[in-house]
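Chemist: Pasting a structure here, questions to come.
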Amino acid sequence: MNPKLLLLGLLYFVQGMPYGLQSSLLPIYLRTAGLSFTKISLTKALYFPWILKVLWAPFVDQFGSKKKWLLLSMSGLALTCLISATLSPETNFAPVALILLLMNFWASVQDIAVDGIAVQLLRSEEVGYGNTVQVVGYKLGSVLAGGGLLAVMDVVGWSFLFVFLSAIYCTVILYSWGSPELNMLSKICSNEQKTKISSLNPWRILQELLSVPGTLWTLIFVLVYKLGKYTKCIT
């Protein structure tokens, strides 16, 4: 198999895990643990970092390499999984919610980094295969962390589940660290990065975006749509 597509498949696979965990597994687990529908519905607010990722996307693109952001975000995801393994949602609902919020933040950073890597790594004739790998990898990760782990949740328990997810992240971190494709990409993009730092200003870009007529109302519409999309998983 093409090593570039294999790398992207693994990255999109782990990228889909937080969504499957929180959209499929978490609501059912919290309900069986006796938590109210009110608390369960509040967990949908944990997706908020995905809506706000446009604010830190320019920083990910401007400062450092995509490989560094990728390794940092996956390390953050592995750490949040380990912390979650030490907590119980039945007795530590607020701390668990905070950790899952942080998990979504790191997942949104990873999403920006992986998409940037895909754009830089794939040639024009490989984009179609890349899109296929993206969709399939993301869905498989979502299904594993959602329905797959939900099926064995009663056997393995909450703590083992998050230790298992952390182990997956650590494995992909090690693979990415030694990936020849990423190492080559970092060298090629090092000179381009210097030009970006002097030419990009995230706040100026945001001001120009908001100055376009209708942008504010579009953002409000997208915000409401996204919140409604995520909330429907609870009903």
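The values are calculated or read from the model by the stated rules, or taken from the named source; none is laboratory data. Computed from a prediction, not measured in an experiment: that's the story for all the values here. Neighbour counts are summed over all protein chains in view; Cβ atoms, including those assigned to glycine, are modelled from backbone coordinates with ideal geometry. SASA here: full protein model, heavy atoms, side chains in, ligands and nucleic acids out. Shrake-Rupley method; radii C 1.70, N 1.55, O 1.52, S 1.80 Å.
Conditions tested, residue by residue: (1) surrounded by fewer than 19 Cβ atoms within 10 Å (Cβ to Cβ); (2) touching a residue at least 24 places away in the same chain (Cβ under 8 Å); (3) assigned to a helix (DSSP H, G or I).
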{"residue": "W56", "(1), (2), (3)": "yes, yes, yes"}
{"residue": "V60", "(1), (2), (3)": "no, yes, yes"}
{"residue": "L70", "(1), (2), (3)": "no, yes, yes"}
{"residue": "S88", "(1), (2), (3)": "yes, yes, no"}
{"residue": "W106", "(1), (2), (3)": "no, yes, yes"}
{"residue": "D111", "(1), (2), (3)": "no, yes, yes"}
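Chemist: On the given criteria, is P18 touching a residue at least 60 places away in the same chain (Cβ under 8 Å), in contact with a Pro (Cβ under 7 Å, 6 or more places away or on another chain) and either open to solvent by less than 50 Å² (accessible area, probe 1.4 Å) or assigned to a helix (DSSP H, G or I) (or both)? Explain how you work it out, then say what you get.
Modeler: Numbers: touching a residue at least 60 places away in the same chain (Cβ under 8 Å): yes; in contact with a Pro (Cβ under 7 Å, 6 or more places away or on another chain): no; either open to solvent by less than 50 Å² (accessible area, probe 1.4 Å) or assigned to a helix (DSSP H, G or I) (or both): yes.
The answer is no for P18.
Chemist: Here are some residues: G141, G157, G147. Which one is in a helix (DSSP H, G or I) and at positive phi? Can you show your working first?
Modeler: Values: G141 fails: at positive phi; G147 fails: at positive phi.
None of the others qualify; the one that does is G157.
Chemist: OK, next. Anything in region 90-104 that is assigned to a helix (DSSP H, G or I) and either within 17 Å of V163 (Cβ to Cβ) or touching a residue at least 12 places away in the same chain (Cβ under 8 Å) (or both)? List them, or say none.
Modeler: Of the residues in region 90-104, the ones assigned to a helix (DSSP H, G or I) are 93-104.
Result: F93, V96, A97, I99, L100, L101, L102, M103, N104.
Chemist: Failed condition for V135, given (1) within 14 Å of M17 (Cα to Cα); (2) aliphatic (A, V, I, L, M); (3) surrounded by 15 or more Cβ atoms within 10 Å (Cβ to Cβ), with all others met?
Modeler: (3)
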